[in-house]
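A short write-up of the structure that comes next.
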Amino acid sequence: MKTLTLNDGHCIPQVGLGTWQSQPGEVERAVTHALEVGYRHIDCAWIYGNEKEVGVGLKEAIDRGVCRRDEVFITSKLWNNAHGEPQFTRSLDESLKGLGIEQLDLYLIHWPVAFVGKVTMPKKFDQYLSREQSPLPDTWALMEAAQQAGKVRSIGVSNFAAHHIEEVIGNGTVPPAVNQVECHPYFSQRPLLDACARHNIPLTAYSPLGSSDASGKRAAKGIASVMADPVVLGIAETHGCSVAQILIAWAVQRGTIVIPKSANPERIAQNFAAGEMELAALEMQAIDNLERGLRYIDGTFFCGDNSPYDLAELWGN
Ligand code: A2P
């Protein structure tokens, strides 16, 4: 199992199990099975609404002697409605309790976007908190305090553009250990990868398979699916493996952390095995060349007339 050493000295396994859109009722078995086939990294978030069930799967594996708690790297994320106190502590405690653990290995600010407490998804302008009302450095200071208090080992961010990273680093004491963002061959994040590398911050690639849970709807709108890309299909054929495995192998080989979601036992196992594959330099190059600036998770749901946020500020372009 390949690992990366973070800028705070802690190690993170490069392939983790994603749990976004894993349903309560199926995610328990997915987590236990993942740990059985060798995963030691589970990616979670408060907003996924399934941390309690992830905790059940984790406990089951520990009780059966599959792994020890201290061998598993567990990430959770602070939702947008808890950027200030008292919601921050309440939300972190809820994640810890749900997952059934004393300490998170990594805690991330889920988005550089803030809502009024108790609002899960705003519908009106006054349900958002603007950048001025909820400055990112203030939330980062709470993250640092949670780390100091021992509730989390590493702290990081998600969906941050380079200017958000700079703002946090410029005002904080500890730099983010990770930036988790959408990343796949159609949106390979090269500029952000380079900007974060300057601070020794690796990217964690979410939706590495192009978030294919929504691919049916997207196909209807004519949006290309990275899982159907002919170049990737050709490389998969050469290796006698699945397209998903090539996408995961590419992510690992270019130095990102990658968290494919699956609730299917066979796919969970094959995704983990992909972490050990080797692609030739020419194959890596051919996949790099597929870049087409296609974000599947485009952030429009936090922007527009009813929001103080806009896409240019959100993504830094
Ligand atoms: P399932 O849970 O039924 O396996 P992403 O991580 O990019 O969001 O992609 C997740 C989607 O990809 C889910 O629909 C998941 O479905 C599917 N998926 C996960 N692993 C594989 C695989 N090895 N082959 C095909 N589809 C996969």
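The values are calculated or read from the model by the stated rules, or taken from the named source; none is laboratory data. Bear in mind the structure is a predicted one, so any value in this text is a computation, not a measurement. All Cβ positions, glycine included, derive from the backbone under ideal geometry; neighbour counts span all protein chains shown. Areas reflect the complete protein model, heavy atoms only, side chains present, ligands, DNA and RNA absent. Shrake-Rupley method; radii C 1.70, N 1.55, O 1.52, S 1.80 Å.
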*asked:* From the list Leu17, Leu78, Leu4, exactly one residue is surrounded by fewer than 19 Cβ atoms within 10 Å (Cβ to Cβ), under 20 Å from the mean Cα position of the chain (by Cα) and not polar (S, T, N, Q). Which is it?
replied: Leu4
*State yes or no: is Ile42 open to solvent by 10 Å² or more (accessible area, probe 1.4 Å) and closer than 30 Å to Val174 by Cα?*
no
*Since Lys217 meets every condition but one in (1) within 16 Å of the ligand (Cβ to nearest atom); (2) surrounded by 13 or more Cβ atoms within 10 Å (Cβ to Cβ), which condition does it not meet?*
(2)
*So which pairs qualify, if the first residue must be in segment 21-47 and within 15 Å of Ile101 (Cα to Cα), the second must be assigned to a loop (DSSP other than H, G, I, E, B) and within 14 Å of the ligand (Cβ to nearest atom), the Cβ gap must be under 6 Å, and the two must be at least 6 apart or on different chains?*
His41/Gly16; Asp43/Gly16; Asp43/Ile259; Cys44/Thr19
*Restricting attention to segment 67-75, does a residue exist that is in contact with a strand residue (DSSP E or B) (Cβ under 6 Å, 6 or more places away or on another chain) and not aliphatic (A, V, I, L, M)?*
yes
*Would you check if Gly255 is crowded, with 19+ Cβ neighbours inside 10 Å and in contact (Cβ under 8 Å) with a residue 12 or more places away in the chain?*
no
*Please determine, by comparing only the residues of segment 91-107 that are under 19 Å from Glu60 (Cβ atoms) and among the aliphatic types (A, V, I, L, M), which one is surrounded by the fewest Cβ atoms within 10 Å (Cβ to Cβ).*
Ile101
*Here are some residues: Ser242, Ser211. Which one is under 18 Å from the mean Cα position of the chain (by Cα) and small (Gly, Ala, Ser)?*
Ser211
*asked:* Quick test of your reading of the structure: Ala61 fulfils all but one of (1) open to solvent by less than 10 Å² (accessible area, probe 1.4 Å); (2) closer than 25 Å to Glu167 by Cβ. Name the failing condition by number.
replied: (2)
*Looking at Val54, Val72, Val66, Val31, which one is out of contact with any Pro (no Cβ under 8 Å at 6 or more places or on another chain), hydrophobic (A, V, I, L, M, F, W, C), closer than 30 Å to Gln127 by Cβ and modelled with pLDDT of 95 or more?*
Val54
*Confirm whether Leu294 is open to solvent by 30 Å² or more (accessible area, probe 1.4 Å) and aliphatic (A, V, I, L, M).*
yes
*Could you grab me the full set of residues in segment 253-276 that are within 20 Å of Ala228 (Cα to Cα) and either of a type in the set (A, V, I, L, M) or away from the ligand (no atom under 13 Å from the Cβ) (or both)?*
Val258, Ile259, Ile268, Ala274
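Would you list the strands (runs of 3 or more DSSP E) that sit entirely within segment 1-88 and hold 1 or more residues that are more than 15 Å from the ligand (Cβ to nearest atom)?
Counting at least 1 such residues, we get 3-5, 11-13, 73-78.
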*Among Gly150, Gly222, which is the only one that is more than 14 Å from the ligand (Cβ to nearest atom) and within 25 Å of Gln103 (Cβ to Cβ)?*
Gly150
_Output for segment 238-252, where each listed residue is more than 10 Å from the ligand (Cβ to nearest atom) and open to solvent by 30 Å² or more (accessible area, probe 1.4 Å)_ = Thr238, His239, Gly240
*Just checking, how many residues over segment 154-213 are within 16 Å of the ligand (Cβ to nearest atom), in contact with a Phe, Trp or Tyr (Cβ under 8 Å, 6 or more places away or on another chain) and of a type in the set (A, V, I, L, M, F, W, C)?*
3
